[in-house]
Amino acid sequence: MKSIREHIKKMVVNVGLGKFRNLSSFEDKVLPEVVKEIALITGQKPSYRPAKKSIAGFKTRQGDTIGLQVTLRGKRMEDFFARLINFVLPRVKDFRGLDVRNVDHDGNLNIGFKDQFVFPEIVPEKASVNFGLQVTFVTDLKNREKAIDFYRRVLVPLKNK
């Protein structure tokens, strides 16, 4: 797995909680449940992401928790990468590969999941909250074409253009 750490510097898992903010049980039930499930998925407790400023249209105030973030490096990143490629992506319904457009101009790969149930650690019968998440592979490759070539070498299932 040395080849993964060669260019992938970190993996960031983000969860947006904006749609849950208006629920009356957000602080008591929803937020702890999401934190628990993200910790199960990543093996690391997430950090809270507060709102930077108040926005009346979204009914958020400065300092409200609007997201969760986990940054994975080293061994945890390698383990998460292996589980993502070998177990999670094959469980996605109608999966035919990741679109090459998910790689940005700096070589970072973004993968979005509509719900957390594709991860084998989550038991759907016990989960009370359904949320989506985004996984970002942050690389030191500053060229999109080199990054696509690298992802193919480490067996990330990318579609052919």
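Running Debye on segment 1-57 with equal point scatterers at the Cα sites and no solvent, what base-10 log of I(q)/I(0) appears at q = 0.13, 0.15, 0.21, 0.27 Å⁻¹?
For segment 1-57, the Cα-only Debye profile gives -0.49, -0.60, -0.92, -1.21.
Starting from the Cα of PHE26, step 7 Å along the direction of its Cβ; do the same at VAL12; then give the gap between the two resulting points in nm.
2.2 nm
Compute the distance in nm between two label points, each set 7 Å from the Cα along the Cα-to-Cβ direction, one at SER47 and one at GLN134.
1.7 nm
With no solvent and one point on each alpha carbon, what is the Debye value of log10 I(q)/I(0) for segment 83-161 at q = 0.15, 0.22, 0.26 Å⁻¹?
Debye intensities relative to I(0), on a log10 scale: -0.57, -1.04, -1.30.
Want the number for VAL154 to VAL123: 0.36 nm per residue separation, take away the alpha-carbon distance, what's left?
On the way: separation 31, 0.36 × 31 = 11.16 nm, distance 2.90 nm.
Stretched fully, the VAL154-VAL123 segment lengthens by 8.3 nm.
Which of HIS7, HIS105 has the fewest other C-beta atoms within 10 Å, and how do the rest follow up to the most?
Working: HIS7 18, HIS105 9.
Listed from fewest to most nearby Cβ atoms, that is HIS105, HIS7.
Measuring from a point 7 Å past the Cα of PHE95 along Cα-to-C-beta, which residues in segment 140-161 have an amide N at less than 16 Å?
Taking a point 7 Å out along Cα→Cβ of PHE95, the residues of segment 140-161 whose backbone N falls under 16 Å are 152, 154-160.
If the viscosity is 1.306 mPa s and the temperature 10 °C, what Stokes-Einstein diffusion coefficient in µm²/s follows for segment 2-153 when Rh is the Kirkwood radius over Cα pairs?
Working: Rh = 16.7 Å.
Stokes-Einstein gives a translational diffusion coefficient of 95 µm²/s.
List residues of segment 4-24, by number, whose backbone nitrogen lies under 20 Å from a label position 7 Å along Cα→C-beta of LYS146.
Label zone hits: 4-11.
Based on DSSP H runs of at least 4 residues, each adding -39500 (n - 2.57), what is the mean residue ellipticity at 222 nm of the chain after dividing by all its residues, to the nearest 500 deg cm²/dmol?
Numbers: 4 runs with 38 residues, N = 161.
So the helix-based figure for the chain works out to -7000 deg cm²/dmol.
Treat the count of other C-beta atoms within 10 Å as a stand-in for reagent exposure and order LEU109, LEU158 from fewest to most.
On the way: LEU109 22, LEU158 17.
The order, fewest Cβ neighbours first, is LEU158, LEU109.
What percent do you get for the relative contact order of segment 2-153 when only Cα pairs under 8 Å and 6+ apart count?
On the way: 218 pairs, mean separation 47.7, N = 152.
It rounds to 31 percent for segment 2-153.
Distance between the C-alpha centers of segment 39-68 and segment 70-117? Whole Å please.
Using only Cα atoms, the two centres lie 22 Å from each other.
Every number here is computed from the coordinates shown, using simple stated rules; none is lab data. These numbers come from a predicted model, not from an experiment. A quick note on method: Cβ atoms are made from the backbone with ideal geometry, for glycine too, and the neighbour counts reach across all protein chains shown.
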